[in-house]
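The structure appears right after this line, and notes come after that.
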Amino acid sequence: MLKSMTGFGRAEQNVGDKTFLVDIKSLNGKQFELQLKMPAFLKPYEFEIRKLLSTGLNRGSIDCSINLKQTGSAKPVTINTDLAKAYYEPVAELARMLGLATEGILSTLLKLPEVITPTGDTLTEEEWLEFADIINTAISNLNDHRVDEGKSLENDLLLRINNIEHQQVEVIKLEPLRQIKVRENIVKLLEEHVGKENYDTNKLEQELVYYIEKIDISEEQVRLKNHCEYFRDILREAEEEKGKKLSFILQEIGREINTTGAKAYDASIQKCVVLMKDELEKAKEQILNVL
């Protein structure tokens, strides 16, 4: 089973007199990279929140937004005057550009994020545990989305591996004919440039054996087949995080395909190699999205 790194999760729930909305979006990334937006009064819990997200999501470029939708009781508030001033200039400039009146600009400023914040807001230990459940629910929803996306990725990757193996079958069929062609071409060149009576046929046979062994691709085909089987084995494993391992196997598959092409000296086999490389590149693109 594969999991994609792409997904979205949302959870909304009341905690005491507060209503929290947690949105988490995940995209592909080499490591765990988190952009976290949350109300100021949750800052004391930032480390715990980051740990929950890291543990639950493993890897990817994560964007988590935590919003306090409403509170059930009236509480004193503070106005962040520095932030309001920072908002004022671009908002006033936009109003002037659009030819709009600026008399009501204060009400607009007061609605912008973090300008007005409740004072004295905090979470009790019990409320923190409830809030952690909201985050875990959003993480679970995102992981469900990842699993659904992973099914499509797995089907596509299996298709690419199957297509590579199909071209490999064609290469194996062409291999005996290639050896015959190589021998015939060398003999023809010798007869044209040296003359049939002017070379030692026994020595020629020895050199041909050496040359054909040098360009033999049978070992590459065995390793390529093994790599493709190993790729499928990894797909079947229960381990969740296997994108990096699959990427390494694709590198090995690419190495055997490239060596086959370098040794081929045959137009028909080269066509198969080109088609295998095309499928490999498509697989590499998809593997970037695998967890």
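The values are calculated or read from the model by the stated rules, or taken from the named source; none is laboratory data. Keep in mind it's a predicted model, so treat the numbers as computed, not measured. In this analysis, Cβ positions are derived from the backbone assuming ideal geometry, glycine residues included, and neighbour counts consider all displayed protein chains.
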Within the stretch 1-20, how many residues turn out to be part of a loop (DSSP other than H, G, I, E, B), under 21 Å from the mean Cα position of the chain (by Cα) and either surrounded by 14 or more Cβ atoms within 10 Å (Cβ to Cβ) or at pLDDT 90 or above (or both)? 4
Return the pairs, sorted by first residue and then second, in which the second residue is among the charged types (D, E, K, R) and at pLDDT 95 or above, the first residue lies in the stretch 221-238 and is outside the structural domain of residue 174 (by TED's automatic domain parsing) and in a loop (DSSP other than H, G, I, E, B), the beta carbons are less than 9 Å apart, and the residues are 6+ apart or on different chains. none
Taking interchain pairs and intrachain pairs at least six residues apart, which have beta carbon atoms under 9 angstrom, with the first residue in the stretch 165-179 and in the same structural domain as residue 221 (by TED's automatic domain parsing) and the second surrounded by fewer than 18 Cβ atoms within 10 Å (Cβ to Cβ) and outside any helix (DSSP H, G or I)? 175/216; 178/215; 178/265; 179/215; 179/216
Which pairs have Cβ atoms under 6 Å, sit 6 or more apart or on different chains, and link a residue in the stretch 21-38 that is part of a loop (DSSP other than H, G, I, E, B) to one that is of a type outside the set (Gly, Ala, Ser)? 28/5; 28/288; 28/289; 38/66
With the checklist (1) in contact (Cβ under 8 Å) with a residue 12 or more places away in the chain; (2) more than 30 Å from the chain's Cα centre (by Cα) in hand, flag the one item residue 43 doesn't pass. (1)
